[in-house]
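Structure first, commentary second.
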Amino acid sequence: MDNVSNNQQTMKKIMPKVLIIAIVLIGLVVGGKKIYHAFTHEETDNAQIEMRLVPILSRVSGYIGKIYTDDYSSVKNDQLLLVIDSTELELQLEEMQSDYNQALSDIENAKASLSNAEASLTFSKGNAEVIGLRKRKALVDFNRDSSLYESGAITEKQFDDSRSNFEINMKQMQTGLMDVHVADTRLNILRAQLTKAKAIAELKRSRIDQQKLKISYCRIYSPSFGKVGRRNVEQGQFIQIGTPLFTLVNDQKIWIIANFKENQIKNISEGQLVDIKVDGYPKLQVQGEVVSLSDATGARFSLLPPDDATGNFIKVTQRIPIKIEIKDDEKYRNILRAGMSVTVSIPIPK
């Protein structure tokens, strides 16, 4: 019994020492791994998952007729999301169409008037030619009668009649030329009116096309595959142009933006493999690859970038954004979400 008691006392004395040694050994192993990892890897937890966020905005004003999707629902490319009531726009389109038809009638009237003016000009020119022939004959008669009158072959009355006929034809010739000028001027005016009528019709047709485009904007489709974020509108609500309706998260491509300290960048380059740990899934092993490094620090993209010339400069270690693509990201689409925190580790090249 004394031996058993002595053994128990000995074990009681030894056990604490054994536990301390075991804890120290475990600590050394764990600490050694962390120290080795720190010397052989560049690591940061200032990183998060990114996806394309596509804002869906209204391009027309109106009342929402029907909504075909809900918060956080999956959608396909070109899927109908929402319909805006287009009744008023369609009535305006009918009015524009009637106005356009009237403009086409104005073009036909202008063409008819132009055709009539061309015929009138032709008639005036023909009439002026006839009068010109009469004037030439009257001039010949007047010259001949002048010689005859001087030789006493005809009476003074005959000579006066010849002179009067010549003067009348001269006046008629002037009137005929004036008629041609007026007809030609009117023709130019009608041509301008026809050009104006065509331009007005083209403008009204363009407005019809714009109205049809507005009506097409009343049906809002998904620009890509993804998931709808929080819905910002309700059925029957009046919205203005530019009103945010949804935010579509395009989950077809997932990547990570990691912000490394500037003194870590010297060991990072494009093409390096990356180990990724997702905070939400600690046991998940994800691999990635460095695809690009930003040419500016994150602070340079801020609203008020630091500048020692303006007095808002404090020297701190800056961070450089690095884009990391996730390998086989299709496998993680159902679990990874934009904005999730991750820790990335990049082996230092030897």
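For this structure, a couple of remarks:
- Check on L187, in a helix (DSSP H, G or I) and either modelled with pLDDT under 90 or small (G, A, S) (or both): yes
- Positions within segment 260-284 being farther than 30 Å from N232 by Cβ, touching a strand residue (DSSP E or B) at 6+ places or on another chain (Cβ under 8 Å) and in a strand (DSSP E or B), in sequence order: F260, K261, L273, V274, D275, I276, K277, L284
- Within segment 217-247, considering residues that are in a strand (DSSP E or B), at pLDDT 90 or above and out of contact with any Leu (no Cβ under 7 Å at 6 or more places or on another chain), the one nearest to S341 (Cα to Cα): I239
- Comparison of L57, L53 shows that the only residue that is touching a strand residue (DSSP E or B) at 6+ places or on another chain (Cβ under 9 Å), in the same structural domain as G339 (by TED's automatic domain parsing), at pLDDT below 90 and within 30 Å of V249 (Cβ to Cβ) is L53.
- Residue within segment 99-118 that is over 30 Å from R186 (Cβ atoms) and not basic (K, R) present: no
- Filter result for G339 (modelled with pLDDT of 85 or more, within 29 Å of D70 (Cβ to Cβ) and in a loop (DSSP other than H, G, I, E, B)): yes
- Options I256, I241, I200; residue that is assigned by TED's automatic domain parsing to the domain that holds Y68 and surrounded by 16 or more Cβ atoms within 10 Å (Cβ to Cβ): I256
- Residue within segment 295-314 that is over 35 Å from the mean Cα position of the chain (by Cα), modelled with pLDDT of 90 or more and not in a helix (DSSP H, G or I) present: no
- Options G132, G32, G62: the member that is modelled with pLDDT under 90, of a type outside the set (F, W, Y) and surrounded by 13 or more Cβ atoms within 10 Å (Cβ to Cβ): G132
- Test: residue in segment 89-110 that is surrounded by 14 or more Cβ atoms within 10 Å (Cβ to Cβ), touching a Gly at 6+ places or on another chain (Cβ under 9 Å), under 28 Å from S222 (Cβ atoms) and of a type outside the set (V, I, T): yes
The values are calculated or read from the model by the stated rules, or taken from the named source; none is laboratory data. Quick caveat: nothing in here was measured; it's all calculated off a predicted structure. Every residue, glycine as well, gets a Cβ built from its backbone with ideal geometry; the counts of neighbours run over all protein chains shown.
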